[in-house]
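So the structure is just underneath, and the comments pick up after that.
The values are calculated or read from the model by the stated rules, or taken from the named source; none is laboratory data. Since the structure is predicted, the reported quantities are computational estimates derived from the model, not experimental observations. Don't worry about glycine lacking a Cβ; one is built from the backbone with ideal geometry, like all the others, and counts go over all protein chains shown. Please note that ligands, DNA and RNA were not included when accessible areas were found on the heavy atoms of the full protein model with its side chains. Shrake-Rupley method; radii C 1.70, N 1.55, O 1.52, S 1.80 Å.
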Amino acid sequence: MTTRLQRGVVGALSALMPAYFGKIGARAFLCPCPNGSRRHWASAFSGFECRHTEVQGYRVPVWTSGTGPLVLLVHGWERDHFAMGGFVQPLLEAGYAVAALDLPAHGEAEGRKAPLPLLAQAIAEAALLTGQPRAVIAHSVGAAMTVLAMEDHGMLPGSVVLIASPRTAKDYAMAQASQQGLSRRAQEVMVARINTSLGEPLDRYRVDKALASLAPPTLLVHAEDDAIVPVTDARANQRASSAQAIWLDSGGHNRILGDSRMISQVIDWVKARTKPFDSSA
C-alpha cells in the first residue's frame, strides 16, 4: 500500500519528470504485478478439471466442476481464480456447475501484458470452452471486461453479476494513478501512452454505456467504502441501465468477496433467474 509520504514524493517528482512517471503509470495499467495477496480459498478448486484455451497465442487455464447450469467466475486486476473461491462451494451446493479462469498475465495464465481487449477476449473464449454460461459473476476490472466480452465478442450469459465494477476504464486508470501519487501532467502522459498501446482511447471502454444496450439481467454489487472504485461509479452504472443493485456499508474493493451474506444474496439472485440442478428430479 502506497503511503501518503510516498504519494507526496511521487507527486513532486512526477511533476518535474512527467514523461518518465507517465511511462511507469502506463506500464502499471497494462502489466499486472504477481498476486501477492493471501489465498483465503486455497482449496476451493480442489478436484476441478483444468483445461486450456489459447487467446492471441497465450494459454489461459479454465477450471470446471459440477453439474447443472454453468456459472463462470471472473477475477479482478492482479488477482487470480482463487479470489472468487468464496462462491465455489455455495454454488456447487446450490446445484450449479462452476467455471473459473485466470486472465492473461494473471495467476497461471501466460503473458506479461494484460491490455483490456485481451482480457475481454479471454473471458469470451473461456465461455466458449465451457459452453455459454447461464450466469457470470465477475469482480472489478474482470467485471468491466465481462461487459466488453458481451459487447465485442457476443458472449451472452443468462444473467450477470458485476462486483465493484468501474464505470469506465479511464476512471480506473486515473484511480490507479491517484493511488500512485502521479501529478496531473504525468497522468496525461500515462493516458496518452495507454491510448497508443491499445490503439484506441480509454474512453471507448465504458461499462455504463454498454449496460444501457445489453440484454442480460444485471446485478451490481458495491461497498460504500470501496477506496479503489468509488460507489458513485456503480450508481452511475445503475442509472444508465435497468440493473438491480446490492449496496454494502463496508467491504472495500477486495474484502467484499469474502462477505458470506453478500455471496448468499448473489446466489439467490442468480437462482431467481436460472433454476439450479435438482438432483432429486
Have a look at 227, 234 and point out the one that is assigned to a loop (DSSP other than H, G, I, E, B), closer than 23 Å to residue 86 by Cβ and touching a residue at least 12 places away in the same chain (Cβ under 8 Å). 227
Do you know which residues across the range 68-98 are more than 16 Å from residue 270 (Cα to Cα) and not hydrophobic (A, V, I, L, M, F, W, C)? 75, 76, 78, 79, 80, 81, 85
Exclusive hit being under 23 Å from residue 68 (Cα atoms), in contact (Cβ under 8 Å) with a residue 24 or more places away in the chain and open to solvent by 20 Å² or more (accessible area, probe 1.4 Å), set 264, 250, 242: 264
So, residue 256, is that one more than 13 Å from residue 166 (Cβ to Cβ), surrounded by 20 or more Cβ atoms within 10 Å (Cβ to Cβ), modelled with pLDDT of 95 or more and touching a Phe, Trp or Tyr at 6+ places or on another chain (Cβ under 9 Å) or not? no
Please state which of the following conditions residue 172 fails to meet, knowing it meets all the rest: (1) at pLDDT below 95; (2) in contact with a His (Cβ under 9 Å, 6 or more places away or on another chain). (2)
Taking into account only those residues within the range 1-53 that are in contact with a Leu (Cβ under 6 Å, 6 or more places away or on another chain) and among the polar types (S, T, N, Q), which is nearest to residue 92 (Cα to Cα)? 53
Expected single match for modelled with pLDDT of 95 or more, surrounded by fewer than 24 Cβ atoms within 10 Å (Cβ to Cβ) and in contact with a helix residue (DSSP H, G or I) (Cβ under 6 Å, 6 or more places away or on another chain) among 159, 165 is 159
Within the range 142-162, identify whether any single residue is over 21 Å from residue 240 (Cβ atoms), over 14 Å from the mean Cα position of the chain (by Cα) and among the hydroxyl-bearing types (Ser, Thr, Tyr), and answer yes or no. no
So in the range 204-215, with the set limited to residues that are part of a loop (DSSP other than H, G, I, E, B) and touching a helix residue (DSSP H, G or I) at 6+ places or on another chain (Cβ under 7 Å), which one is modelled with the highest pLDDT? 205
Restricting the range 124-173 to residues that are touching a strand residue (DSSP E or B) at 6+ places or on another chain (Cβ under 6 Å) and among the β-branched types (Val, Ile, Thr), which is farthest from residue 262 (Cα to Cα)? 130
Within the range 206-236, can you find the residues that are under 20 Å from residue 249 (Cβ atoms), open to solvent by less than 50 Å² (accessible area, probe 1.4 Å) and within 17 Å of the chain's Cα centre (by Cα)? 219, 220, 221, 222, 223, 226, 228, 229, 231, 233, 234
Being at positive phi and either open to solvent by less than 20 Å² (accessible area, probe 1.4 Å) or in a strand (DSSP E or B) (or both) is the filter here, so list the residues in the range 66-104 that pass it. 95
Exactly one of (1) modelled with pLDDT of 95 or more; (2) surrounded by fewer than 24 Cβ atoms within 10 Å (Cβ to Cβ) is unmet by residue 126. Its number? (2)
Failed condition for residue 41, given (1) touching an Asp or Glu at 6+ places or on another chain (Cβ under 8 Å); (2) surrounded by 15 or more Cβ atoms within 10 Å (Cβ to Cβ); (3) closer than 19 Å to residue 106 by Cα: (1)
